[in-house]
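The structure appears below as structure tokens.
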Amino acid sequence: MNCPLCGGSGWIIENLNGQRKAVRCRCQFKNSISIFLKSSKIPVRYKNCKFSNFKPKTATQLRALKECEDFFYTFPFIEKGLLLYGTPGTGKTHLATATLKNIITYKGVRGIFCDFRNLLIDIKSTFETSESSTEILETVMRAPLLLLDDVGAERNTDWAKDILSTIINYRYVNSLPTIITTNLRFDLPTEESFSSKFDERTESRIYEMCKIIKVEGDDRRKESCI
Ligand SMILES: Nc1ncnc2c1ncn2[C@@H]1O[C@H](COP(=O)(O)OP(=O)(O)OP(=O)(O)O)[C@@H](O)[C@H]1O
Ligand SMILES: [Mg+2]
Ligand SMILES: [Zn+2]
């Protein structure tokens, strides 16, 4: 049966930022979407995060929302990934997850939510079993789209630094899109800055791979208790 959207060709011409681009029609991947969503490992708490229920209260939150929406609309013709940094509860994971979910759902791309601290725990737990840590790491490294959440919240060890450096370097050399969220600062060389915790090589690659976006505001988690 012919698809009413693409007439059966499998392609749709869309106007993206003033340029006509051919994108795959949803009929081409609708069966994969539910499989991709299930394997994306988006945590239950963030399942309902959307652009439409993100209410920006500061200029940087509004800019971050726009950048994430833009990233989604332009994907896969994006030049860089995204790095959202800022204090806790400002909506970084909300926006990053909404972006990931939209790209899986509307662009038919496989994507993975990876909490960096949990990844380290998962890798560590394989040291006591026969499970392969390489397999866990490779799933993350090779994901067509990766959301690396809460980088820097883990204990500061050389081992954690090495794992991050391995992931970032792999994605850098293979030009794979990555969205990162972190509490570590990218604007000032303070004690809480990214450069104080990770090596220069990793930071340098992230600068080239990601658009760095600051997200400021009050902690929404505390607000909801008032
Ligand atoms: N602007 C917003 N509009 C609606 N909900 C929001 C907004 N900002 C945050 N939230 C909600 O507040 C909670 C905390 O947000 P989120 O987890 O995205 O913060 P975060 O910046 O990732 O914090 P952390 O740095 O601690 O990881 C979530 O439930 C999220 O959906
Ligand atoms: Mg977060
Ligand atoms: Zn179609």
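Of Gly18, Gly86, Gly81, which residue is more than 16 Å from ligand 3 (Cβ to nearest atom) and at pLDDT below 95? First the steps, then the outcome.
Values: Gly86 fails: at pLDDT below 95; Gly81 fails: at pLDDT below 95.
Checking each option against the conditions leaves just Gly18.
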Across (1) open to solvent by less than 50 Å² (accessible area, probe 1.4 Å); (2) within 16 Å of ligand 3 (Cβ to nearest atom), Phe36 clears everything bar (2)
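Per-residue answers, yes or no, for (1) in the same structural domain as Ile212 (by TED's automatic domain parsing); (2) more than 13 Å from Leu100 (Cβ to Cβ):
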| site | (1), (2) |
| --- | --- |
| Cys25 | no, yes |
| Ser32 | no, yes |
| Lys47 | yes, no |
| Asn53 | yes, yes |
| Thr58 | yes, yes |
| Leu62 | yes, yes |
| Cys68 | yes, no |
| Thr74 | yes, yes |
| Glu79 | yes, yes |
Every residue in the range 148-174 that is open to solvent by 20 Å² or more (accessible area, probe 1.4 Å) and either within 16 Å of ligand 2 (Cβ to nearest atom) or assigned to a helix (DSSP H, G or I) (or both), please. Asp150, Ala153, Asp158, Trp159, Lys161, Asp162, Ser165, Thr166, Asn169, Tyr170, Tyr172, Val173
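Among the residues in the range 209-223, are any farther than 20 Å from Lys41 by Cα, open to solvent by 70 Å² or more (accessible area, probe 1.4 Å) and away from ligand 2 (no atom under 16 Å from the Cβ)? Can you show your working first?
Taking the range 209-223 as the starting set, the residues that turn out to be farther than 20 Å from Lys41 by Cα are 209-223.
Then keep just the ones that are open to solvent by 70 Å² or more (accessible area, probe 1.4 Å); that gives 211, 216, 218, 220-222.
This time we only want the ones that are away from ligand 2 (no atom under 16 Å from the Cβ), so: 211.
Looking for residues that are farther than 20 Å from Lys41 by Cα, open to solvent by 70 Å² or more (accessible area, probe 1.4 Å) and away from ligand 2 (no atom under 16 Å from the Cβ), one finds at least one in the range 209-223, hence yes.
Against the condition assigned by TED's automatic domain parsing to the domain that holds Glu200, away from ligand 2 (no atom under 15 Å from the Cβ) and surrounded by 15 or more Cβ atoms within 10 Å (Cβ to Cβ), how does Gly108 come out, does it pass? Step through it out loud before you land on a result.
Numbers: assigned by TED's automatic domain parsing to the domain that holds Glu200: yes; away from ligand 2 (no atom under 15 Å from the Cβ): yes; surrounded by 15 or more Cβ atoms within 10 Å (Cβ to Cβ): yes.
For Gly108, the condition - assigned by TED's automatic domain parsing to the domain that holds Glu200, away from ligand 2 (no atom under 15 Å from the Cβ) and surrounded by 15 or more Cβ atoms within 10 Å (Cβ to Cβ) - is met.
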Would it be correct to say that Thr129 is open to solvent by 70 Å² or more (accessible area, probe 1.4 Å) and either touching a residue at least 24 places away in the same chain (Cβ under 8 Å) or of a type in the set (S, T, N, Q) (or both)? yes
With criteria (1) part of a helix (DSSP H, G or I); (2) within 26 Å of Asp70 (Cα to Cα); (3) not aliphatic (A, V, I, L, M), Thr134 comes up short on (2)
Need pairs with beta-carbon distance below 7 Å; first residue within 15 Å of Cys114 (Cα to Cα) and within the range 81-94, second part of a loop (DSSP other than H, G, I, E, B) and of a type in the set (Gly, Ala, Ser); sequence gap 6+ or separate chains. Lys92/Gly86
Assuming Met141 fulfils every condition listed in (1) away from ligand 1 (no atom under 16 Å from the Cβ); (2) more than 13 Å from the chain's Cα centre (by Cα) apart from one, which condition is it? (2)
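The values are calculated or read from the model by the stated rules, or taken from the named source; none is laboratory data. Model, not experiment: these values are computed from the prediction. Here Cβ is always computed from backbone atoms with ideal geometry, including for glycine, and neighbour counts include all displayed protein chains. To get the accessible areas, we keep the full protein, side chains included, count just its heavy atoms, and leave off ligands, DNA and RNA. Shrake-Rupley method; radii C 1.70, N 1.55, O 1.52, S 1.80 Å.
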